[in-house]
Amino acid sequence: MAMQISEILFFILKCIYLAVPGMFANMAPVLFKNSMKFLAAPVDFGKTWKGKPIFGKNKTFRGFVAGIFLAIIATLLQTYLYSKYPYFQSLSFIPYSEIDPFLLGFLMGFGVLFGDLAESFVKRRLGIPPGGRFFPWDQLDHLAGGLLFLSFVFIPPWEVVACLIALAVLLSVTIKHIGYWLGIEKSKW
């Protein structure tokens, strides 16, 4: 029998809940851009490869530290909610009581930022400037990295991966367009 609308919506909510630590990690570099000045150095130390920046000046140690920190905080919260409230057990794909939340948060945070770093490396090789459009990889880089590193402790079902891919593209494009219409973003992409 086909899934009911309420089951589909709950499945989507579960997928989003799985991605929360990665979402926090992905937002962290922007949220912390004016703090922790001592970590503001680029992870490539300003070096170039074949005349182009390796990653670029926007990929900093501060972003990595802040991203991993926020991902760990998110998984600690998810683990607490999982242990105290049955609703959060039903909302979770991950059996939080079986996985160290610090490890889980580190893997998800590092993975998301690693995916973004890998995409930046490719963009620099292709001559795409920081912030330049690289569809659909701009929407999928962090997800691919997060899922890759998450797979060390938990492998989500293929349906979850497919849903997360669709959500990443749809939400990223929608948010970017809204930001453009509100005058916050310079372009729709």
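In region 89-99, which residues are under 17 Å from Val160 (Cα atoms) and either of a type outside the set (Ser, Thr, Tyr) or part of a loop (DSSP other than H, G, I, E, B) (or both)?
Gln89, Leu91, Ser92, Phe93, Ile94, Pro95
Out of region 51-60, which residues are without any contact (Cβ under 8 Å) to a residue 40 or more places away in the chain and out of contact with any Pro (no Cβ under 8 Å at 6 or more places or on another chain)?
Gly51
Pick from region 28-53 the residues that are among the charged types (D, E, K, R) and not in a loop (DSSP other than H, G, I, E, B): which of them is farthest from Ile72 (Cα to Cα)?
So, considering only residues that are among the charged types (D, E, K, R) and not in a loop (DSSP other than H, G, I, E, B), the one farthest from Ile72 (Cα to Cα) is Lys52.
Out of region 100-109, which residues are in a helix (DSSP H, G or I) and free of Cβ contacts under 8 Å to residues at least 60 places away in the same chain?
Pro101, Phe102, Leu103, Phe106, Leu107
Considering every residue within region 168-186, establish whether at least one is under 22 Å from Ile68 (Cα atoms), surrounded by 14 or more Cβ atoms within 10 Å (Cβ to Cβ) and of a type in the set (Gly, Ala, Ser).
Yes: one or more hits.
Every number here is computed from the coordinates shown, using simple stated rules; none is lab data. The structure displayed is predicted, hence computed values, not measured ones. Positions of Cβ are generated from backbone atoms using ideal geometry, with glycine treated the same way; all protein chains shown enter the neighbour counts.
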